[in-house]
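Chemist: Below: one structure in structure tokens.
Every number in this text was worked out from the coordinates using simple rules, so none of it is lab data. Everything quoted here is computed from the prediction, not taken from an experiment. Counting neighbours? That spans all protein chains shown, and the Cβs are built from the backbone with ideal geometry, glycine included.
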Amino acid sequence: MDVGNHSSFQYFLLLGLSTNPTVQAILLYFFSMVYVITLTGNVLLILSVRVDRRLHNSMYFFLLNLSFLDILNSSVIVPNMLMNSASSTRTVSIVDCLLQVYFFLLLAQTECVLLAFMAYDRYVAICNPLQYNVVMNTASCARMTSISWTTGCVTSSIDIYFMHQLKFCGPITINHFFCEAPSLLQLACSDISANNIVMLVGSTILLIVPLSLILYSYVQIFLVLLNIQSGRYKAFSTCGSHLIVVFIFYGTGIFMYMQPRHRTSEVSDKVVSVFYTIITPMLNPIIYSLRNKDVHQALRRLRNSALFL
């Protein structure tokens, strides 16, 4: 990615979450632990789904993909943030910065679509149980996952294409802990109107539309659950886990990408970004394992098998 002709400098300075050395050291330790928990929890969840044949159905197929996305998403942000925090220079090249923007958008936008398909899976399972095995077969699940990844690849490529056309001529300081598109746009000294339009359209398609479909699915689900007795608690537990993830992920994403930049502060941007880049990937396996008996039992069987070996 050649950006030499578009900028008068070749690197940015990332300030991180704090400029206070003591606070920075505490945050470095805290987020190192969070990253370890994120990797451990998601890897265990993936292994449980892969190994336990009882979990070989569409719901856990999507959950496996969600865990894989969370590992990649967290790995795009956290290791670089930790190295930057421990470094005395805290610089990142423009090329590396744009690459981080690209991969973060790819993974986050893929997850937006995947969460909508997970809601649709629960909708079919509860509202049309007799058609579930027909509608949510292996081919359908693979097709939905492919659509999620393809959508993320296409939309992130469009975003990064327009960002690559920008000229950055100073200041070089990014008051953030990673290279995020809104923060970079504030540093551009060329016209960003096209970028703002692309971001607004993309955010509407990938945040508002999937969220609307998710909310519609769960309204229908809750209406059905109110009229049944058997299995109501398990269904509410599974759906509740998904909704917790949805509200955290979509809520913070909408706050960051769909409001005018002059109405946000750099501190609030950092706090909100922490939730959907670091906290949510850690919470996903915890939420699903603690509130889902099938996953809990699979993890126990996986542990027993490891101890036996």
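Chemist: Relative contact order for the chain: what percent, with Cα pairs under 8 Å and sequence separation of 6 or more?
Modeler: This gives 29 percent for the chain.
Chemist: Ok, one more. Whole-Hz ³J(HN,Hα) for each residue in the range 71-76, computed from phi via Karplus 6.51 cos²θ - 1.76 cosθ + 1.60 with θ = phi - 60°, x for glycine and proline: what do you get?
Modeler: Per-residue couplings from phi come out as 5, 5, 4, 5, 6, 6 Hz.
Chemist: Okay, moving on. Using the number of other C-beta atoms within 10 angstrom as an exposure proxy, rank HIS176, HIS242, HIS164 with the fewest first.
Modeler: The most exposed by this proxy come first: HIS164, HIS176, HIS242.
Chemist: Could you run the Karplus curve 6.51 cos²θ - 1.76 cosθ + 1.60 with θ = phi - 60° over the range 134-141 and give me ³J(HN,Hα) per residue in whole Hz, x for Gly and Pro?
Modeler: For the range 134-141, the Karplus-derived couplings read 7, 6, 9, 7, 4, 5, 5, 5 Hz, x marking Gly and Pro.
Chemist: Right, another one. Just want the ordering: ARG53, ARG122, ARG301, from fewest to most Cβ atoms lying within 10 Å of their own Cβ.
Modeler: With the sparsest Cβ surroundings first, the list reads ARG53, ARG301, ARG122.
Chemist: In whole Hz and in residue order, list the ³J(HN,Hα) couplings for the range 37-52 that follow from phi through the Karplus curve 6.51 cos²θ - 1.76 cosθ + 1.60, θ = phi - 60°; x for Gly and Pro.
Modeler: Residue by residue, the range 37-52 yields 4, 4, 4, 4, x, 6, 5, 4, 5, 5, 4, 4, 5, 6, 7, 7 Hz.
Chemist: Scan around PHE12 for amide H atoms under 5 Å from its own, H built in the peptide plane at 1.01 Å from N, and keep only partners 5 or more places away or cross-chain.
Modeler: Close amide H contacts, sequence-distant or interchain: VAL92, SER93, ILE94.
Chemist: For an R0 of 41 angstrom, estimate the FRET efficiency from the Cβ-Cβ distance between ILE158 and ILE26 and round to the nearest 0.05.
Modeler: After rounding, the FRET efficiency stands at 0.60.
Chemist: Now, a different point. If you build a Gaussian network model of the chain, linking Cα atoms that sit under 10 Å apart, which residue out of PRO281, PRO210, PRO21 swings the most?
Modeler: PRO21
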